[in-house]
Amino acid sequence: MSTPDPLGTADLLPLAVAIPLLGAAVLAVAGRRLPRPGRDALAAVWAAADVACLALLWARTAPDGRAVSWLGGWTPRGGHSVGIVLVADRLGTGLALLVAVLVLAVVCYAWRYFDEPSGEHGGVFPALLLLFEAGMCGFALTGDLFDAFVFFELMGAVAYALTGYRIEDPRPLHGALAFGLVNSAAAYLSLLGIGLLYARTGELGLAQIGAALDQRAAAGHGRDALVVVAFVLVLAGPLVKAASAPFHFWLPDAHAVAPSPVCMLLSGVMVELGVYGVARIHRVVFAGAGGLPDAVVRDTLLAAGVLTALVGAVMCWQQRHLKRMLAFSTVGHVGLFLIGAALLEPAGLTGAAVYVAGHAGAKAALFGLTGVLLDRYGSVDEHGLHGRARELRLIGLLFVLGALALAGLPPFGTGLGKAVTEEAAGHWGGWLPVVFVLVSALTGGAVLRAGLRVFGGLGAPPSEHPEVAATTGEGEEPEIREPGRRPPAPMLLVPALLLVGCLAVGVVPGVGRALAAAATAFTDRAGYLTETLGGPGGPAPAAPEAWWTASGIGLGLLSTLLAVGFATAAIRRDPRRGTGGLYRATVLPLRRLHSGLLGDYVAWLAVGLAALLIALTAQL
Amino acid sequence: MSYFPYLAAGWILLAGLYGLVTSRNLVQAVGCLAVAQSSTYVLLLAIGYRGNGATAPVFSDLPTDAPVVDPVVQALVLTDIVVGATVTALLLSLVIQLRKRHGTVDPEDLTGLRG
């Protein structure tokens, strides 16, 4: 529905993808001639332009409405179309806006980060960041399944390159290869699933496939094996991107070695896009009469979410490499987001959306602060840095605040998200809030423990446990070549602002309310289908509450207290004490599974998908 | 239309994945990824195939009502090839850097990340 005025709402959708693409091209060309400050300013201008574009799009779409843009004017005739469509509802726009804001933050953070070679390669790093942004925004805004695959691979390929950016060390190359092989293999499986859906329906758009499956069901050709297989295959890509166990192995390897500014984007928003992809594709394509019953999908995804959350939390507690610890904490939290999305109802999705927004601020800030440590000491090892960073008081304070935010301390946005999600989850299973409290406490506790040791020098220096081959984080290449300098102002300012953003999600009532309306519109499948295919959108159902409750505050304080307790216990623990039998029986085998071998990861991909298929078929 | 092309696509996929799991050489592993990907080409072309003498959808020398195969899947395969070429080239360049600077292409020599 394009409007005649010069910049209609629908025109903003392709623009949101085109601005960073164009910016990347300009930077790649002009970066050779510009001096360093000019390049960085140019990158910041492009990133800011996309933030403005998406903020305008957010402002112009109604809380329960959608903006639809048929590219090239190939609008549907009589409900059929050969065109490609971008569809922005508030949830998709909000996620794209989060991407844009984080990219702007990262561009500013990396202002003086790399000692980038000037000349021929000047401007490559910010250009890659903008390309990454284009891929992520496109994935959030597309209404077409094949385009989702293309954007998925675009953000994937750029992310592999960014992960392996520092080729002087074998570990980034290793991490980038694990990331690339597993993610691309999963993307091709998704494409097979898209092919099967096209064979069945003759459509590629999300809404068109969903409508065609429903029509077949109405005509008496309901769900069959092909639809179930297609469901598993199509979701392979987003589930791997979301690092759902047992597809999560690539994530800690890639996040531990990628440059810190890149980690801020990977953990802050890219992984969460996987959860969004799962929710969007399931909702529009498979949630109708021709798809899979909600109960089956809910139970299966809930199981995957709980497994992911627990694996991530346990592994997070075991780490001493700070970036790897933060990466496993992302796995744990993504498991919680997946639980929220798997409830398949507005309240759970609202909680997940608030949680994602809060988590992005806290996690990106923590990665940014870890980047300062790497810059100054050439190490991100919890044991090796013991007490060495006492001089960085402000950084230490922010790090501890970030850890408490991860643990779900009210009134941080992570706390609000956790409270809303766990309340919604509690309606489905009374034991689910236990998972939320435990995962928040373990991940927050691990980061708190590391922060108190590194910045406070508390406790005795930990001893080594040679029975486990652990990733240490010693001997990292500093990413900047001026050791001992004062941390540049942006490296302090950006994490601080990100933490303020995390706080704002929790204390500004409008954020929760807007996201609740967005999540409700997201679950309104009939509205999405009619509005995409040219009909008028109906009124959305009433949005749930997304605000603090007494039980939410209580559980948030409980998980924070538990985190503090865990951290204190770990610091006060006698370093000479050995490990217990329970540890040897449960945690040690789990750690050994994280073998760093690419072949194992691909094998887990196949095993996990087979398990998913069996679990779904057994319930049908 | 026989089931043979679909079986072939499945077989190619499994061969590629098997190679990815067992490979001891990263160049070969990236090649196996490309093999796994080519199963998508076979599947998509099989989906677009139409019997009774349908030919390529190039209408410059065909009457407009001639039976042709589905052009949409051919466009998808072209896009897919571009995506695959990009990813393969990028991953191979990472392997080249690994060989140049660290002297190995065996994934089991990479032990820096585990636990």
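Observations on the model:
- Area hidden from solvent between B and A (accessible, protein heavy atoms only, 1.4 Å, total, Å²): 3800 Å²
- The Kirkwood hydrodynamic radius of region A:556-600, based on inverse pair distances between different Cα atoms, is 13.2 Å.
- Per DSSP, loop chymotrypsin sites (Phe, Trp or Tyr not before Pro) in region A:270-346 with at most 11 further Cβ within 10 Å: none
- Taking region A:241-371 and dividing mean pair separation by its residue count, relative contact order in percent (alpha carbons under 8 Å, at least six apart): 35 percent
- Buried on complex formation within region B:21-39 (loss of at least 30 square angstrom of accessible surface versus the isolated chain, 1.4 Å probe, ligands and nucleic acids ignored): B:Val21, B:Leu26, B:Leu33, B:Gln37.
- Rounded to the nearest 10 degrees, the inclination of helix A:413-428 to the longest alpha-carbon principal axis of chain A is 60 degrees.
- Inter-label distance for A:Thr617 and B:Gln28, nm, one decimal - labels placed 7 Å from Cα along Cα-to-Cβ: 3.1 nm
- Two-decimal Rg to Rh for chain A - Kirkwood Rh, Cα set: 0.95
- Using C-alpha pairs below 8 Å separated by at least 6 residues, the relative contact order for region B:23-115 is 39 percent.
- Cα centroid separation - region A:287-310 against region B:24-98, whole Å: 32 Å
- Rounded percent of accessible protein surface that carbon and sulfur make up, chain A, 1.4 Å probe: 67 percent
- DSSP finds beta bridges in the protein assembly as shown, and of those with both partners inside it, around 90 percent are antiparallel.
- Estimated distance in nm for a label pair at B:Ala54 and A:Ile553, the labels positioned 7 Å out from Cα along Cα-to-Cβ: 6.5 nm
- Distance cut-off 19 Å, percentage of C-alpha pairs in region A:80-177 lying past it: 52 percent
- Per residue, the protein assembly as shown exposes 35 Å² of accessible surface when a 1.4 Å probe is rolled over the protein heavy atoms with every protein chain present.
- Cα extents of region B:50-115 along the three principal axes, largest first (Å): 61, 25, 15
- Alpha-carbon Rg/Rh ratio, for region A:1-77, with Rh computed the Kirkwood way: 1.10
- If you sort A:His594, A:His383 by accessible surface, 1.4 Å probe, largest first, the order is A:His383, A:His594.
- Once exposed loop trypsin sites (Lys or Arg not before Pro) are cut out (DSSP; at most 13 other Cβ, 10 Å), longest piece of chain A: A:34-389
- Sorted on the mean count of surrounding Cβ atoms within 10 Å across their residues, most packed first, peptides A:123-134, B:92-103 read A:123-134, B:92-103.
- Principal-axis tilt of helix A:36-60 within chain A, Cα atoms, nearest 10 degrees: 40 degrees
- Label point at A:Leu22 placed 7 Å out along Cα→Cβ; residues across region A:68-95 whose backbone nitrogen lies under 19 Å: A:69-73, A:86
- Between A:Arg33 and A:Ala289, the contour length at 0.36 nm per residue exceeds the Cα-Cα span by 86.4 nm.
- Shielding score for B:91-101, defined as the mean number of other chain Cβ atoms within 10 Å: 5
- Within region A:218-259, backbone nitrogen closer than 18 Å to the virtual label 7 Å beyond the Cα of B:Thr104 toward Cβ: A:253-254, A:257
- Cα gyration tensor shape for region A:493-608, rounded if a/c is under 1.5, else prolate or oblate: oblate
- Computed extension gain for A:Leu561 through A:Ala585, at 0.36 nm per residue and net of the alpha carbon distance, reaches 5.9 nm.
- Summarised as an ellipsoid, region A:153-215 has semi-axes of 36, 10, 6 Å, derived from the eigenvalues of the Cα gyration tensor scaled by 5 and square-rooted, with the largest first.
- Degrees between helix A:550-572 axis and first principal axis of chain A (Cα, 0 to 90, nearest 10): 30 degrees
- FRET efficiency, A:Thr568 to A:Leu397 (Cβ-Cβ, R0 22 Å, nearest 0.05): 0.75
- Euclidean distance between Cα centres, region A:37-65 to region A:424-441, Å: 36 Å
- Spin-label pair B:Tyr6-A:His427: with each label point 7 Å from Cα along the Cα-Cβ axis, the two points sit 4.0 nm from one another.
- Sites listed here are chymotrypsin sites (Phe, Trp or Tyr not before Pro) in region A:428-458 whose DSSP assignment is loop and whose Cβ has at most 15 other Cβ atoms within 10 Å: A:Trp431.
- Solvent exposure, largest accessible area first (probe 1.4 Å, DNA, RNA and ligands not counted), of A:Asp11, A:Asp375: A:Asp11, A:Asp375
The values are calculated or read from the model by the stated rules, or taken from the named source; none is laboratory data. None of the values given here were measured: they were computed from a predicted structure. Cβ coordinates were reconstructed from backbone atoms using ideal geometry, including for glycine residues, and neighbour counts include every protein chain displayed. SASA here: full protein model, heavy atoms, side chains in, ligands and nucleic acids out. Shrake-Rupley method; radii C 1.70, N 1.55, O 1.52, S 1.80 Å.
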